[in-house]
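One structure below.
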Amino acid sequence: MSSTLMSLVLVLAAATAPSSDDDGPKAAAQATGSTVVVEIQEVVDQQDAVDEIADEEPAAAGTGGNGDSAAPASPEAVAASVSGDGSVIACQMTPEAPENPFVQACGGEVSDEEAPEDPEEEADEPEPVIITVSASDFAELPLAPAEFGVQPDPADGAWTVVNMDTIAYASDDPQVVSTQVLGFPVAVRATPVEFAWDFGDGSDPLVTTDPGAPYPDHTVAYAYTEPVEEVTVSLTTTWVGEFQVGGQGPWIPIAGTAQTSSESAAFEVVEVTTRLVPGPRTGSS
């Protein structure tokens, strides 16, 4: 029967070399500084096992009965490092040993760092495109001014009277403007939230969140205190915005606001004096 020679090299880290009196029937010791290399040779009759393994794949031959990997093909490829407390740590000694991330090289350290990623794979990943509409972008959009009216209507040549209500009202309908950002179609929806009415006589603007309504449901009105030969009413509307990309998905709020201005036709403010006059006489004298 043939036999296989198996060599196991044990590197014993010791503070001092063992006594030369140590002996054993199968051990020969050689002192080298503070390290002792002990070769243990054991002849094992395993012809039957060799015959069975020879018929199997080489990969199968490297697996033990308990599922653990057996020793590498080269008997010098693996050593066992014995620490001072007696624990045994397996390590790889020669380049012929198969690379095993779970077994460190003898005298080396196992690195916890992950393998570097392939730069080509990172380059293939497309960078995300972020679409946004800034406050300055929103302020520069060509928003249409809010439509508004005045009563009495100066467009009809009407005039208003001192100390009587001049009614103003505006539309609060939102508007949508289409634009492009980084080549993507973007819709911007603007909604009016504040109305500043300037009645043109030097008084402070009347600021409301109410767009008002025509007579007789009017809620925004102003009474001139003096006659004015020609005056106009101007409206400054403040808008808030939202945008949507590609005609789908949610409407995303835009930081900041935008403003538009509009102006009515000119009209006259007149002062009316009232007086009592005799009425027509009725009946016989």
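The numbers here are math on the coordinates, done by the rules we state, and not lab data. Since the structure is predicted, the reported quantities are computational estimates derived from the model, not experimental observations. Cβ placement follows ideal geometry from the backbone for every residue including glycine, while neighbour counts extend to all protein chains displayed.
So here's what we get for this one:
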| quantity | calculated |
| --- | --- |
| Sorted peptide list for 156-168, 247-259, criterion being average Cβ within 10 angstrom, highest first | 156-168, 247-259 |
| Cα-based Rg of the stretch 135-270 normalised by 2.2 N^0.38 Å, two decimals | 1.24 |
| The stretch 223-285, dipole about Cα centre (Lys/Arg Cβ +1, Asp/Glu Cβ -1), debye to the nearest 20 | 360 |
| Additional length obtainable on full extension of the chain from Leu206 to Ile130, 0.36 nm per residue less Cα span | 23.3 nm |
| Förster radius 51 Å - calculated FRET efficiency between Leu182 and Thr273 (Cβ-Cβ, nearest 0.05) | 0.15 |
| Förster-model FRET efficiency, 41 Å R0, Trp159 and Ala139, C-beta, rounded to 0.05 | 0.65 |
| Label point distance in nm, Ser262-Thr282, each placed 7 Å from Cα along Cα→Cβ | 4.9 |
| Positive minus negative residues near Thr225 (Lys, Arg vs Asp, Glu; Cβ under 13 Å) | -4 |
